[in-house]
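Take a look at the structure below.
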Amino acid sequence: MSATDTHQHYDGRAVIGGERREARSGASIPSVSPVTGGSIADLASLDAPDVAEAVSGAAAAFESGVWSRASADDRKATLFRIADALEKRSAEFARAETLSMGKPVSEASAVDVPGSVATFRWYAELIDKVAGEIPSTPPGSTALVSRVPLGVVGAITPWNYPLEIAAWKIAPALAAGNSVVLKPAETSSITALMLADIASEAGLPAHVLNVVTGPGRSTGDALVRDPRLDALTFTGSTATAKHLMVASGETGLRRLSLEAGGKSANLVFADVDDIRLAAEKAAFGAYYNQGEVCSANSTILVQREIVDEFLAAFRAAALEYRPADPLDPASTAGALVSERHADTVEAAIEEARAAGAQIEGGTRRSLGNSSAYIDPAIILGLPVGHRLHAHEIFGPVAAILPFDTEEEAIGIANRSGYGLAASVWTGSVSRAHRVSQRLVAGTVSVNTVDAIGLTTPFGGFKQSGFGRDLSVHALDNYTGLKTTWIQHG
Ligand code: NAD
């Protein structure tokens, strides 16, 4: 099957109370595939009354205890069934993800879907392993500190990992006993809707997981402003995160976890053990997922004495990320999420060129009816102070800058204002520790790039937001500490 001969059409109706639903107004928006250039779903565009209904149902389900007070064994079994069903339908989900947002189907199959399955299994396993505390209290009393679910969790997710980031939020929120109302990105909502269908089939009680579809400024805004939300978890841009802090605060106090953008640096020191490996991984760190990765290492700082050798290896590695038909299992890079987004990435490349930088690659391409493809771009010679070094381009664009001293590299890496990720390549253990300690980043990867795993927290500092996905720490987003003090003497 090639990019041009697919006419798949998905169900774009929202999921409220375990059922597929149109918007009350009947409004829908086309979900345009960057792969085919055509609409692959009519996405229900929900207004405030639809969203209120979803939140009401979620709140009532929470109060009823059907899920929030279900035994850990029941909750665990249900999350396992969701994982099993998702795994069984991997190929279908991978294809839907590719058609929705353009990533190669090989990546969706190898990373996004199995990663989501593993996330559900990991939090299923965690449910009965989180113990409370019995702190020291005066004689004659015993206090129990337990983690309790918060209630209704609103989750708002971006388009770059539509299924996986939804799983990062839904799995721990449900494991803890909450009800969830998810608002996926309007450009790529299909797999989140399919996931909600699977959850119903797996026996998750109605109203415990709802997916409300539509634009951020209307559907998302209605969700954020609903006073019955007990928590809001978000992944997306810094601009939206700032807006959500304000909008959310206007209607109530709730737990917020806001994972925002990033502009991450990769520091390659001359004492690195293997320059070629560093260059190959650097290309992965910059161009993987078409560069549409919040923690993409798009600023590559290379110590001057190894720049030529590094660059030769990097140029060769970058060629591996030339886009091709995303539905071809042999493709290693696909389409950007939309032609409009490709326009903004192209504009950034042109801005760098206009500022006197030398650009290699970065050519816009068409495939079939879509022109959402861009070759990996290497930017050389862009002045350190240029705004693009602190601006998230969110496309296959890497800037390479030489540096002389460790201090200088740390300074450049820390000046973007973001604090999501950084990588360090060095053969010196002392330097690895010294530099890692100074980098402002939620995750510092040493002698690899963009390290991430279910067991380690993922999130950032500064303009990259706060709150952590993954690991046991994600429970902090979805649970509160409750003290029960028993006076018995
Ligand atoms: P975005 O901020 O435009 O949208 C994210 C979500 O917020 C979407 O569902 C959107 O509909 C919704 N939204 C937008 N405006 C809203 C509003 N006024 N009220 C309520 N909801 C609203 O981001 P995007 O373009 O979808 O995703 C790309 C961004 O996400 C990048 O900045 C990237 O760095 C970031 N991201 C961050 C992480 C992380 O973990 N830190 C992971 C992936 C992506």
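Every number here is computed from the coordinates shown, using simple stated rules; none is lab data. These numbers come from a predicted model, not from an experiment. In this analysis, Cβ positions are derived from the backbone assuming ideal geometry, glycine residues included, and neighbour counts consider all displayed protein chains.
Working note: Karplus 6.51/-1.76/1.60 with θ = phi - 60° gives segment 103-111 the couplings 5, x, 5, 5, 6, 4, 6, 8, 10 Hz, where Gly and Pro are set to x. Run down the lysines and flag those whose C-alpha is under 26 Å from the C-alpha of LYS482, throwing out any fewer than 8 positions away in its chain. Correct list for LYS482: LYS76, LYS129, LYS169.
Evaluate the charge dipole of the chain about its Cα centre and quote only its size in Debye, nearest 20, assuming +1 on the Cβ of each Lys and Arg and -1 on the Cβ of each Asp and Glu. Show your work: numbers first, answer last.
Numbers: 41 positive and 55 negative charges, 228 e Å.
For this selection, approximately 1100 debye.
The shape of segment 51-166 comes out prolate: with a ≥ b ≥ c from the C-alpha gyration tensor, a/c is at least 1.5 and a/b beats b/c.
Work out how much length PHE461 to ALA27 would gain on full extension: take 0.36 nm times their residue separation and subtract the Cα-Cα distance, in nm to one decimal.
Values: separation 434, 0.36 × 434 = 156.24 nm, distance 3.85 nm.
Here the answer is 152.4 nm.
Given R₀ = 41 Å, what would the calculated FRET efficiency be for LYS482 paired with ALA110, taking r from the Cβ atoms and rounding to 0.05? It would help to have the intermediate numbers written out before the result.
On the way: r = 41 Å, r/R0 = 1.00.
That pair, LYS482 with ALA110, gives E of 0.50.
Amide H contacts for TRP425 (H built 1.01 Å from N in the peptide plane; partners 5 or more residues away or on another chain; cut-off under 5 Å): LEU267, VAL268, PHE269, ASN447. When the charge dipole of the chain is built from unit charges on Cβ atoms (+1 for Lys and Arg, -1 for Asp and Glu) and taken about the Cα centre, the candidate among GLY151, ILE29, LEU223 whose Cα reaches farthest toward its positive end is GLY151. Stretched out straight at 0.36 nm per residue, the stretch from LEU277 to THR137 would grow longer than its current Cα-Cα span by 44.9 nm. Building the convex hull from the alpha-carbon atoms of the chain and averaging its projection over directions returns 24.0 nm². Shown in residue order for segment 10-24 are the 3J(HN,Hα) couplings computed by the Karplus curve 6.51 cos²θ - 1.76 cosθ + 1.60 at θ = phi - 60°: 9, 7, x, 6, 5, 10, 10, x, x, 10, 6, 9, 6, 5, 4 Hz (x for Gly and Pro).
Sorting the segments 197-206, 172-181 by their residues' average number of neighbouring beta-carbon atoms within 10 angstrom, most packed first, yields 172-181, 197-206.
Take every DSSP beta bridge whose two residues both sit in the chain; close to 45 percent of them are antiparallel.
Cross-link partners of LYS462 among aspartates and glutamates, defined as those whose alpha carbon lies under 14 angstrom from its own and excluding same-chain residues fewer than eight positions apart: GLU259.
Going by neighbour counts of Cβ atoms within 10 Å, the residues LEU195, LEU144 line up, fewest first, as LEU144, LEU195. To the nearest 0.05, how large is the calculated FRET efficiency for GLU92 and GLU19 if R₀ is 22 Å and r is the Cβ-Cβ distance? Calculated transfer efficiency: 0.60. Note on SER45, SER430, SER109: ascending count of other Cβ atoms within 10 Å places them as SER430, SER109, SER45, the fewest first. On a per residue basis, the convex hull of the C-alpha atoms belonging to segment 391-489 measures out at 175 Å³. When the Cα atoms of segment 243-310 are aligned to their principal axes, the ranges along those axes come out at 56, 22, 16 Å in descending order.
Please work out how much length the chain gains when fully extended from LEU319 to VAL148, using 0.36 nm per residue of separation minus the C-alpha to C-alpha distance, in nm with one decimal.
Residue separation times 0.36 nm, minus the Cα-Cα distance, leaves 56.6 nm.
Taking other residues whose beta carbon is less than 14 angstrom from the beta carbon of GLY467, and scoring Lys, Arg as +1 and Asp, Glu as -1, yields +2. Per-residue Karplus couplings for segment 429-437, computed as 6.51 cos²θ - 1.76 cosθ + 1.60 with θ equal to phi - 60°, are listed in order as 5, 4, 5, 4, 5, 4, 6, 4, 4 Hz, Gly and Pro entered as x.
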